[in-house]
Amino acid sequence: MLSRLASDRKSSVVVIGAGIGGLTAAALLARRGYQVVVLDQAIVPGGCASTFKRKGFTFDVGATQVAGLEPGGIHHRIFTELEIDLPEATPCDPACAVYLPGETQPINVWRDRAKWKVERERQFPGSDRFWQLIDNLFQASWAFQARDPVLPPRNIWDLWQLTQAVRPGTLITLPYTFLTVGDALRGHGLEDDWRLRTFLDLQLKLYSQVDAEETALLYAATALSVSQSPQGLSHLHGSMQVLSDRLVEALEKYGGKLLMRHSVEKILVEDGKVKGVLVRNQKNQEGWTELADEIVANVTVQNLVQLLGKKAPQGYKQRADKLPEASGAFVVYLGVDEAAIPAGCPPHLQFMYDANGLIGENNSLFVSVSRPGDGRAPEGKGTIIASSFVDPKPWWRSEDSENYGAMKEKYTREAIARLGQFFHLTPETILHQEAATPRTFARYTARDRGIVGGIGQRVPTFGPFGFANRTPVKNLWLVGDSTHPGEGTAGVSYSALTDPVWRLKPNIKYKPLRNF
């Protein structure tokens, strides 16, 4: 166990960041008897899975869909242990409708496995062996992941937990550990299948931050298969905020505290062990030291290094500094009249265009559309959220506010023009519009340079080769999309459940439900 804390008092834990990963760790630790306080500089909890309201519309800031609500899924496991109700949700079917350049009929990623098999055979003739490999790797990886392995291991206890999760069926994944999706395509003679590669690039970029050529094959197997039953993606009723609200409810139910508008300016380390944090109340600028036995940081690894300052272990800092450049996001939020949304519109779409333009890498847009009665818009209206990955550097070079504003306006016009090829967008149907850039995300989430989606699931940074939750600083933990298994509400929740939570000794007589 990481810590053998005194039994005559409740051990204290400070959680930095009220994103889904931080709230999950905080609620579970409070459930297990710890004295927990969560600190976040934002106005509302949830991080990149929070929401904001405008003119009666509710917009999801970043994340728009949830995995892991099914029995045995990560959110189901967590909410069962916390003894709170799962949020109401509707399965996404299709999970996404993907439009390739110049095509008017989408590739529908169906939830039903048999239906999805028929779809991909029709869309990508001759690719069945490739998809069978993906499915085989997914089944083995999913069974392995369900046994809560610790990845990557940093000590004997971690290694023991990892080996306990290994079964003979897991071994089929070993030959593919160092391969990418691009390698698999070449191995099946599909490297020149432009439609298949373009589809994979679009889908993988959403989940892994990189395209098929760079994405680790074992990670891709899960990313490409988790949309199908008995797993699947879901659309929450109300908004994504429901997820964090339920976790806050559980945190407070078990005696934990959440302090919003409180910034952590520094992690204090003494003799290689955490001591506490320096906190600043943003309302009155009062500052103080919050002492803690343990610290859980729900931040990017880049932010973690900054918070440690000179106390950051040199090798750890060097590794973070050498990471490939992460992506930012440009997002357009539209409140529209229902006449703008075509009949039968799927909840999620992805577009790629032929023309070179301003919007994003690979000229792609991922679009989320509200459903009638889902709580995101007044009756007769709807929301459209379109996001694209962008290089964050140009947004920070635009120091002049006028230049920044002009750049933001150009991207907004470009995005709306492209959305107008599918939606009926006119001055009459657009009732509200605004946009977010990497600078917006940096302001509201405090993420370094406004980067989103983690560190990229390349072979050198995936799974056993990624950043561990157990940091080199004693009693300091890292959760969130910089750690295994990566981005998404399910991924960051998993990082919180299987690492700091399992490895801290409960402060009460309580037997957690390790497996469901």
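The values are calculated or read from the model by the stated rules, or taken from the named source; none is laboratory data. Given the structure is predicted, the values throughout are model-derived calculations rather than measurements. Because the Cβ atoms are built from the backbone with ideal geometry, glycine has one as well, and the counts that use them run over all protein chains shown. In case anyone asks, the SASA skips ligands and DNA or RNA and just uses the protein heavy atoms, side chains included. Shrake-Rupley method; radii C 1.70, N 1.55, O 1.52, S 1.80 Å.
For Lys115, a cut-off of 19 angstrom between C-alpha atoms picks up these aspartates and glutamates, skipping any fewer than 8 places away in its own chain: Asp93, Asp128, Asp135.
Using a ≥ b ≥ c from the Cα gyration tensor of the range 33-94 (square roots of the eigenvalues), is it rounded, prolate or oblate, where a/c under 1.5 gives rounded and otherwise the larger of a/b and b/c decides, a/b for prolate? The partial results should precede the final answer.
Numbers: a/c = 2.39, a/b = 1.07, b/c = 2.23.
Oblate.
For a straight C-alpha distance cut-off of 16 angstrom, the lysines reachable from Lys408 (same-chain residues fewer than eight places away being disregarded) are Lys393. Taking the helices alone, the chain has a mean residue ellipticity at 222 nm of -9000 deg cm²/dmol, built from -39,500 (n - 2.57) per DSSP H run of at least 4 residues and averaged over all its residues. Across the range 271-402, Cα pairs under 8 Å and at least six residues apart give a relative contact order of 21 percent. Take 301-311, 420-430, 26-36 and order them by the average number of nearby Cβ atoms within 10 Å per residue, most first; the result is 26-36, 301-311, 420-430.
Highest first, please rank the peptides 160-172, 203-215, 436-448 by the mean number of other Cβ atoms sitting within 10 Å of their residues. The partial results should precede the final answer.
On the way: 160-172: 13.1, 203-215: 22.4, 436-448: 20.8.
Ranked by mean Cβ neighbours within 10 Å, highest first: 203-215, 436-448, 160-172.
Anisotropy class assigned to the range 176-297 is prolate, per the alpha carbon gyration tensor with a/c at or over the 1.5 cut-off and a/b larger than b/c.
In the full protein context, the chain carries 41 Å² of accessible surface per residue, based on a 1.4 Å probe and ignoring ligands, DNA and RNA. For an R0 of 25 angstrom, estimate the FRET efficiency from the Cβ-Cβ distance between Gln318 and Lys266 and round to the nearest 0.05. According to the calculation, E is roughly 0.75. Counting only the Cα atoms, the chain fills a convex hull of 149 Å³ per residue. Stretching Asp400 away from Phe178 to a fully extended chain increases their span by 75.5 nm, per 0.36 nm per residue minus the current alpha-carbon distance.
Among the lysines of the range 210-323, pairs at least eight places apart or on separate chains and with Cα atoms under 17 Å apart come to 9.
Taking 0.36 nm per residue of sequence separation and subtracting the Cα-Cα distance, how much length would be gained by fully extending the chain between Gln285 and Asp391, in nm to one decimal? Write down the numbers at each step before the final one.
Values: separation 106, 0.36 × 106 = 38.16 nm, distance 3.31 nm.
Additional length available on full extension: 34.8 nm.
May I ask you to derive the relative contact order of the range 332-469, considering only C-alpha pairs under 8 Å and at least 6 residues apart, and to give it as an integer percent?
Details: 181 pairs, mean separation 39.8, N = 138.
That works out to 29 percent.
Each peptide among 45-55, 87-97 gets the average number of other Cβ atoms lying within 10 Å of its residues, and from highest to lowest they stand as 45-55, 87-97.
Any number yet on Rg/Rh for the range 294-354, C-alpha, Kirkwood?
Details: Rg = 20.6 Å, Rh = 16.4 Å.
My calculation puts Rg/Rh at 1.26.
For the pair Asp85 and His432, a Förster radius of 41 Å applied to the C-beta separation gives a FRET efficiency near 0.80, rounded to the nearest 0.05.
Percent of C-alpha pairs per 10 Å bin in the range 39-186, short distances first: 8, 22, 32, 26, 10, 1. Dividing the mean sequence gap of close Cα pairs (under 8 Å, 6+ apart) by how many residues the chain holds gives a relative contact order of 25 percent.
Can you classify the range 118-256 as rounded, prolate or oblate using the Cα gyration tensor, where a ≥ b ≥ c are the square roots of its eigenvalues, rounded means a/c under 1.5, and otherwise it's prolate if a/b beats b/c and oblate if not? Walk me through the intermediate numbers first.
On the way: a/c = 2.33, a/b = 1.36, b/c = 1.72.
Cα axes put the range 118-256 in the oblate bin.
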